[in-house]
Structure formats: C-alpha cells, structure tokens
Amino acid sequence: MEEPDVEPAVTVVPGADPAAGQLCFAWGPTEVLVCETRFGRREEGGASASRVFVFRKDEDIYIDALRKLFNESHGIFLGLQRSEEKLAGKSRKAHLVQVSKNYRSVIRACMEDMHQAAISARDPALQNQYSTQVPILSAMELIWNLCEILFVEAAAAGPLLLRLLDWVRLHVCDVDNMVREVLSSEDPSKHELFWNVVDAFVLQGRMDEARHLLSKEASANPMSMNMYRILDDLMEKMPVPSLNNMQTLTEMELKWQHWHEECQRYLQNGTFASSSHMESICKILLGDEDAILEKKELMTTWYHFLVTRLLYSHPTVKPMELRFYAQSSMDLFLGRECSPEPLDTILMAAFAFEIHEVIKECSIALSNWWFVAHLTDLLDHCKLLQSHNLYFGSNMREFLLLEYASGLFSHHSLWQLGVSYFDYCPEYGRAYLELHIERIPLNTEQKALKVLRICERRQMQEQVRSICKIMAMKALRNNRLGSALSWSIRAKDSAFATLISDRFLKDYCERGSFSDLDLIDNLGPSMLLSDRLTFLAKYREFHRLYGEEQFSEAARLLLMLLTSHIAPCFFWMTLLTDALPLLEQKEVIFSTEQTYGLMRCLEDLTAGKLDKQKFQDDVETMKVEMLRLALARNLARAIIKEGTLEAS
Amino acid sequence: AHPQVSVINTVDTSHEDMIHDAQMDYYGTRLATCSSDRSVKIFDVRNGGQILIADLRGHEGPVWQVAWAHPMYGNILASCSYDRKVIVWKEENGTWEKTYEYTGHDSSVNSVCWAPHDYGLILACGSSDGAISLLSYTGDGQWEVKKISNAHTIGCNAVSWAPAVVPGSLIEQPSGQKPNYIKRFASGGCDNLVKIWKEEDGQWKEEQKLEAHSDWVRDVAWAPSIGLPTSTIASCSQDGRVFIWTCDDASGNSWSPKLLHKFNDVVWHVSWSITANILAVSGGDNKVTLWKESVDGLWACISDVNKGQGGVSAAVEGQQNEQ
C-alpha cells in the first residue's frame, strides 16, 4: 500500500453516534449511502438508529452559475480534439494558444456572472456560495494564464518578460481602483495617493502612464522640473525586449547595460536627492531589491515582485532561469513568518516548469476536476506530458477527463456533456460510458430516445437493447401497449413482442377493438420478430381486406391463419366467428376445400374444449351451432357452384 | 481532488430496530432498507425527499440484505433473512407484493445477489447452512432452483456475480438467440475461502479456491468490467484483511492476491463503485474507507467516512493520488 502525500479526506457523518456501532455503506449510481448498524449482531434487539444518510460528492456540478463554464468549455474541448490533425508547426502553436485564450475568456465570463450573481442574490447561502467561487475562478484564470505563457506559448527570453508583465497587469486589480480615484480627482498631483499610483505604474512597467502622471506633478512644481525631465527621459529610453525580431537579445542586452549605467550615474550624482519619491523611482529602475520591496503593499504578491525584479534587473531572463528568481522572490517577499499557500505552491511549480507538480497541486487544492481536466488535456495536445513518461503522461490526461466526465453524469442534464469527454478517452472511455449511461433515469420517452440515440451512434448494442427493454416493460406496466410494442420491436425482443401481442389479442377478445391500430397496421418487416406478432399483423390485415370488401382474399387469409397454427388457442373461437359473415354472404366465398378446412378447425376446437372444460356459457354453444349450420350451408352452395362450373 | 462531499438527504426510515442493509435502485430514485425489525421498506428519494412507498412484511426474523434487480425486469427487489427465507418482491399495478418465496435453506440466508441482466433474472443466495442456491425465473411466475450444497463448510457469507462477458467475437447475435455466456460468481465463507463458481452444461462447478484469509470471509465483491482482460475481486474477512484478487487471462486460471490493508478489527463489507475505480471498505472500527488504485498499480486510501467525535459535519481538504 502506498503512503498518500496528504492525509485522506475525512467526512464525518453528521449526527451519528460514535458509540452506536459501525457504518454500513452502499454505492448508489451517483450518490453513496451510509447508515449506522452493528455488524455481527445476529439477533434482534438493540439500539435503534434508523437513519440512512445519502451523500453526494461533486457538489460543484450543481452550482447553477458554473453551468455556463461547463457548457462553453465543452465546446472548446471538442473543437480542440477535432482540429488536432490538420495543423502543424507554427500555426499549430498559434491555434493552441488561441484555444487557451478561449478557455480563459470562458473562466473570466463565468467570474463576471458569478460576481453579478453574488451581488444580486437574496438568499445568504447562495450569496455565500457565489462569493466563495469568485476568488477561486480568479485564481484559476491566473494559473491558466501563466501556464499559457510558459507551456503553451512557451515564450522565449525577451517576449517572456513582456508576457509576464501583461500577466501581472491583468491580475492585480487593486491598482486600478486607486488609479481611477487619483485621476478623477481635481488635482491629481495633490492627491495623497498620487505617488502610490506612479510607483504602481513603474512597478508594472507602465512607463507611459507613469510619465503622464509625472508630467502633472512637474507642471505643479516647477522647482522639480529639472529632475523631472531627467527621470522622464530615463523612463522613456528604457530598453524593452521586442516582440518581433527587430533586435536580437544581445543587442537589447547591450542597450540595456548602457541605460542601466546612465541611471546609476544620475543616482550617484545625487540628481534626485531632493525628492525622495523620484529617487526611489530611480532605484527601482536600477532594480534595487530593497527599494522595490519597500513598495510591498503596492505589489501585494510575490509574483508581482518577481516580475518587477526581472523587468529591472534581468529583462532577458530565459525560461529555465525563472525558477531561481521565483524561489528567491517568494522568500524575500514572504519572509520567514509566512508559509506558502496552495496558490503559491502551484505558481512556483509552474515557474519551475514542473508540469506534473502543477497538475497535482491543482488537483489537491481545487474542489472539482474541471480545471485540471481541461488544462491537462490542452497540455497533452502541446505534447508536453509525453516528454516526461509516455505511458504515464497519456494516462494522466485520460484519468482526469474520466474523473471530470464521471462527475457530470450525476447531473440530470450535464451528463450529456460527459458523453463527449468519454468519447475522447481512448482506453477506458467507452467502458465508462457504457457503465454510466445505463444509470441515466429514463423518466420520459424523450429522454430515453435521447440516450438511445447516443448509444446507437456509438454502436453500443447491449445498452440499446437494455434501454428498449426497460422502456417496453415500463410501458406495459402502465398499460400503454402500443408504446410497449414499439420498444420491444426496437429491442428486437421477440419474447416480449409475443407477450404484448397476446395482450393486444386478449384485449380484443374482451373489448372487440384494437388500440394502436396505426402501429399494428404499419409494422412492415418488423412483424416477423415473433410469430405472435406476425399473427396480430395478419389478423389486422384480414380486417382490412374485409373492410375493403375483398372477400375472397380475406377468406384465404383467414383460413391460412387458422391452419398455420400461429394463432393462440384462446383466439381460435374469435377467428372462426369471424368466418360467419363471410359464410353468410350472398356470394359463395369459401370453396369446398376451404369449407372442409374450416370444419376441421371447428371440430379440433370443440374436441379440445370437451377434453378440458365445458363451454363457458350458452353464447359459446350457440356460436358453435351457428357456425356448424353456416358451414354446412356454405358447403352445399359451394358444391353446387363448383359442380356447375365444372359442368360448363 | 477531493470534491466536496456533503449530505443531501437523511432518510428517517422509522425502522424499529437495527438496519442491516440499505441499497439504492439502479437510477438512484428509490431506496430499499431492511432491518432486524423483520421488515423491508422502500422509499422514493428523488430530489432529496423521502416518501415511504412500501413496508413489506413477510420475514420472520432479522432481514440481512436487499438487492434490486435490473429495471428491464420491472421493479423487483430480493431480500434474505435469518428466518432462512429468500423473498422476491415485485411492484405490480402500483403496489409491492411478494412474488416468490424460497424456503429451501436450513439456516439463515446471509447474502443475495442478482446476476447480470444478460443472463436473465437469476438470484444467487448464500446461507449459513453452507449451501448456495440459484433461483432462476423461467416465466409465468415460475422459478427454477439449482442448489450447490456444501459450497462452504460451516456457512456461506457472501455471493457476488462476475460481470457478463461474451467470449469470443462480439458479432451481434440475430434476434432471439442468446449469446454463449460463461456464467461465474464468487462466494466467501466460514471456511476462510473465496470460491469461484462456473456453470458448465447447466451445472455449477467449483472453478477456483482462493486461499489467503485466516478467518471467516465476510464479503466478496467482483468488480465491474471496464473492458480490460483482467478480472478483479475484493474480499474481506474476520482476520481484518482486505485482499484484491486479480486474474489476467481469459481462461480464469491464475488469481493472485494483493493485500490492500490490514485493519485492526473485523472487516465486514467491501463494495465497488460503478466504474470500479473506488473500493469502499466498512469495518468494525466505526468508519468506511475509500480506496483507489493509482496509475502504477498501488492502492491508497483516499477518504474516510466516520462518525467523528460529535457530529459536526466537516470535509477536510483531501488528496488525490493520481500519480
């Protein structure tokens, strides 16, 4: 047995009495049952704990506000799986980055909705639920974004820094509020937060905005005009990596070195000595760690600190160097007292390019599988998991997708999304789908048809048959014979079809009419499913022929039905009785042969009856008598008719 | 991850004595419970509710287990009891009634398990008289009985069917023709053994004896199939051990045990989740533990459901062992 990395989750059964015995457990299709019991008590008497607790996991699936997230990401997921083959090289990478961005925008949209929902929610419990989700979604987007930069786009030294800057700017929102406040005031340069805002801009490398604000200060304070001009100039000239290939890294590094030295000179000359604010800005430009750390509150996180440090001390940082800077940044920022939170651990693992660690830590920290399943799938498409360990890598993706999709199946409508996820799990997807789809309650015909279509499209014959049988049984229990028949035909279940046909026939005997004529009359080749069903269909055909006055055809069919022995015993009397109107037509319909045939049947029937039981009542006896008479008369007329014809 | 686990319903069964088993039906819409108060109760538990649908009386002793049959046969429930009887209940026209009663055992019937629906409506029953009976519905209210006497000396405590697997090719059979299934089930008994039974020419034969426990086997559970050629059985015993048995080949000849864990107390029940990826183990130590197999084949405990210190509901952040 392997030792887990973290203690197993403990779920305490609420209200259960620890002293009262053991816990009995059972799996439901989507929930689990727990009840108090005492094993080994083989006699009666004892404590009467009589409650059964129903537990459900995957609660997140039920949060309505997340529905959109699940639905839309499903679309992105499918698009990704299907587009796989066609692209290669650069365009492939661009495509994968776009997919990543799409996922992120879905997360952001969901976050917005959740935020709105939290504000407008009346129910405190709901409001609480929504408010807790917002920071989680925000963290998810933060992590995903970083993974996109480092893994999907795999930004190289140069662009890497620019991307990281964007990342920080996007995710540290506190600054924006402050900025708005200062800019919208009458005289921004007099606002108490003015320098905070300038510093914040500088820390995020937003030079233009910083310079713009500084210019306001300069016009307000002509005394500092000289200092301002120099600082402004330095800020304007700061070399930054380029996104296109306008310059090589070496060129950039050279420029940067010169610029750095220039800043150094100004600082050392005491140019900014009379303004502590501007001096501190200059120190920041020089990448002075202490100066930067002083602005801790403006950065709020160690990863902001990291990016700022990199911007001002090592802008051409290479991806592989990130881990060292990240570690030291976190240590410097958090200091001794703080231990890293789960989010910190995850981000650190990302900076260290330990993809498996990222996935693992996210799995532990998050309460549902959505995030890790989709992110891992994307990373797998980037061929990043395979490079670690081929067997294990692809298993990881599938493992997570299976978990996520299984969770969807516990939901009354989201299960449909789960189906496609299983489709893209080559090893176990099919088996999981088979096991899960059987458990979807078939509450309505519509739902059953939906499930059926899914199974039929995937050639899941066993499940198709099973569903049809279940629906047939349900219909039969509710006396909906037509529906039951349709379902058993679809299930190709001949035994059931026979059962239902018998029911139809029995009902006819009692009531004198058939229900569901449309169905029976249009069976087509399915009537061959069972003998009894064939009989039923043919019997109806007999009725139709009679109705159309095609008497000789009808007669032939009737006789065939009687003599071919596919008619059930209880129906023979009815069939013979049906012959009466044909026998009493003005025209002779049954030939002598046919009449003899009928007579034989009648004798068989009466002989059989005498053996087993007397006729039920006088009506039966009378019918038999009438039949005998009619048959005799017909025979006479037929003989004459046939004799006459032969004579001529 | 550990998804939040929370109670969505607490069903007050009003049983007057200890509950011995509680089972959800196929779709999770109905709950059946049985108790020492001799009754079997059925509740409608949709949408977090609890409506008593039936209070079934017929047993004359504590009822040990209930089992739901596959919905294609209708709403059917089997129960077994200390009173040596097995009763099959059926819902007909909206009411639940006894549809069959089997009294062929000489001692308490401890376990009932329905066979895969592909085989028809067949119920296996294990009894303290050491025998296992197989009740098959043949139509028109008739049941056929086959008995394996002396399946386990002293008594049989548990029975569990193997999932249906069609041998050979999986070409669709023409309608009406039944594919050639090889029916198998596992049983656990007071002889400390787990046995595997196979039907051959209409007769049940002992195919395998699995020895590893040193005390009575309390429960066996054959894992659902996820398409792999391996078969997996979990067994638990009075000796505190839970073993996972696996057999690699289709011929079913070589089973090898892996010890999941040795607990400090008797382990009474083991059961598999529907996709067989989690095994639940209920023991004498007031808790239920959930175990999962990681990608490299090792088993680890992922969750612990217990009664705690005083009934405060809490779910602690857990771990996921997906390495």
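Laid out as a table, the results:
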read-out: Exclusive hit being closer than 30 Å to residue A:320 by Cα, touching a helix residue (DSSP H, G or I) at 6+ places or on another chain (Cβ under 7 Å) and open to solvent by 60 Å² or more (accessible area, probe 1.4 Å), set A:163, A:104; value: A:163
read-out: Selection within segment A:604-640 - among the charged types (D, E, K, R) and modelled with pLDDT under 85; value: A:604, A:609, A:611, A:612, A:614, A:617, A:618, A:620, A:623
read-out: Residue check for residue B:203: surrounded by fewer than 14 Cβ atoms within 10 Å (Cβ to Cβ), on the phi < 0 side of the Ramachandran plot and at pLDDT 90 or above; value: yes
read-out: Index of the failed condition, residue A:157 passing every other in (1) within 42 Å of the chain's Cα centre (by Cα); (2) in a helix (DSSP H, G or I); value: (2)
read-out: Residue in segment B:29-43 that is facing chain A (nearest Cβ under 7 Å) and surrounded by fewer than 23 Cβ atoms within 10 Å (Cβ to Cβ) present; value: yes
read-out: In segment B:65-80, the residues that are open to solvent by less than 10 Å² (accessible area, probe 1.4 Å) and modelled with pLDDT under 95; value: B:74
read-out: Spans of strands (runs of 3 or more DSSP E) in segment B:66-172 with at least 1 residues charged (D, E, K, R); value: B:86-92, B:95-102, B:142-148
read-out: Qualifying helices (runs of 4 or more DSSP H) (wholly inside segment A:391-471; at least 3 residues being of a type outside the set (A, V, I, L, M, F, W, C), at the interface with another protein chain (Cβ under 8 Å from one of its Cβ atoms) and surrounded by fewer than 23 Cβ atoms within 10 Å (Cβ to Cβ)); value: none
read-out: Some residue of segment A:246-254 being among the hydrophobic types (A, V, I, L, M, F, W, C), open to solvent by less than 20 Å² (accessible area, probe 1.4 Å) and farther than 29 Å from residue A:159 by Cβ; value: no
read-out: Within segment A:179-188, tally of residues that are surrounded by fewer than 17 Cβ atoms within 10 Å (Cβ to Cβ) and closer than 23 Å to residue A:305 by Cα; value: 1
read-out: Meets criteria (over 25 Å from the mean Cα position of the chain (by Cα) and at pLDDT 90 or above) for residue A:484; value: yes
read-out: Segment B:111-127 - residue that is small (Gly, Ala, Ser) and farther than 12 Å from residue B:64 by Cα and, of those, surrounded by the fewest Cβ atoms within 10 Å (Cβ to Cβ); value: B:120
read-out: Residue selected from segment B:131-149 under the condition open to solvent by less than 30 Å² (accessible area, probe 1.4 Å) and more than 18 Å from the chain's Cα centre (by Cα), by the criterion nearest to the other protein chains (Cβ to nearest Cβ); value: B:139
read-out: Hey, residue A:94 assigned to a helix (DSSP H, G or I), more than 24 Å from the chain's Cα centre (by Cα) and farther than 17 Å from residue A:376 by Cα or not; value: yes
read-out: Test for residue B:83: is it open to solvent by 40 Å² or more (accessible area, probe 1.4 Å) and more than 8 Å from chain A (Cβ to nearest Cβ); value: no
read-out: Contacts under 9 angstrom Cβ, first residue in segment A:185-203 being part of a helix (DSSP H, G or I), partner at pLDDT below 90 and polar (S, T, N, Q), 6 or more apart; value: A:189/A:219; A:189/A:221; A:194/A:185
read-out: Number of the condition not met by residue B:153 [criteria: (1) away from chain A (no Cβ under 14 Å); (2) modelled with pLDDT of 95 or more; (3) open to solvent by 80 Å² or more (accessible area, probe 1.4 Å)]; value: (2)
read-out: Of residues in segment B:209-243 being surrounded by 19 or more Cβ atoms within 10 Å (Cβ to Cβ) and among the polar types (S, T, N, Q), the one nearest to the chain's Cα centre (by Cα); value: B:235
read-out: Pairs with Cβ under 7 Å, 6+ apart, first in segment A:50-72 and at the interface with chain B (Cβ under 7 Å from one of its Cβ atoms), second open to solvent by 40 Å² or more (accessible area, probe 1.4 Å) and at pLDDT 85 or above; value: A:50/B:12; A:50/B:14; A:51/B:10; A:51/B:12; A:53/B:10
read-out: Condition met for residue A:118 (open to solvent by less than 30 Å² (accessible area, probe 1.4 Å), within 20 Å of residue A:367 (Cβ to Cβ) and out of contact with any Cys (no Cβ under 6 Å at 6 or more places or on another chain)); value: yes
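Here's the yes/no breakdown for (1) open to solvent by 30 Å² or more (accessible area, probe 1.4 Å); (2) basic (Lys, Arg); (3) over 20 Å from residue A:363 (Cα atoms):
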site	(1), (2), (3)
A:83	no, no, yes
A:127	yes, no, yes
A:135	yes, no, no
A:138	yes, no, no
A:172	no, no, yes
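To keep it simple, each residue is scored yes or no on (1) within 38 Å of the chain's Cα centre (by Cα); (2) on the phi > 0 side of the Ramachandran plot; (3) open to solvent by less than 30 Å² (accessible area, probe 1.4 Å).
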position	(1), (2), (3)
A:303	yes, no, yes
A:307	yes, no, yes
A:317	no, no, yes
A:322	yes, no, yes
A:329	no, no, yes
A:340	yes, no, no
A:347	yes, no, yes
A:356	yes, no, no
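This table checks each residue for (1) among the hydrophobic types (A, V, I, L, M, F, W, C); (2) farther than 30 Å from residue A:365 by Cβ; (3) touching a strand residue (DSSP E or B) at 6+ places or on another chain (Cβ under 6 Å); (4) at pLDDT 80 or above.
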position	(1), (2), (3), (4)
B:223	yes, yes, yes, yes
B:240	no, yes, yes, yes
B:255	yes, yes, yes, yes
B:267	yes, yes, yes, yes
B:292	no, no, yes, yes
B:302	yes, no, yes, no
B:312	yes, no, no, no
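The values are calculated or read from the model by the stated rules, or taken from the named source; none is laboratory data. Being a predicted model, the structure only gives us computed values, none of them experimental. For neighbour counting, all protein chains shown are included, and Cβ atoms are generated from backbone atoms with ideal geometry for every residue, glycine included. Ligands, DNA and RNA are excluded from the accessible area calculation, which covers all protein heavy atoms including side chains. Shrake-Rupley method; radii C 1.70, N 1.55, O 1.52, S 1.80 Å.
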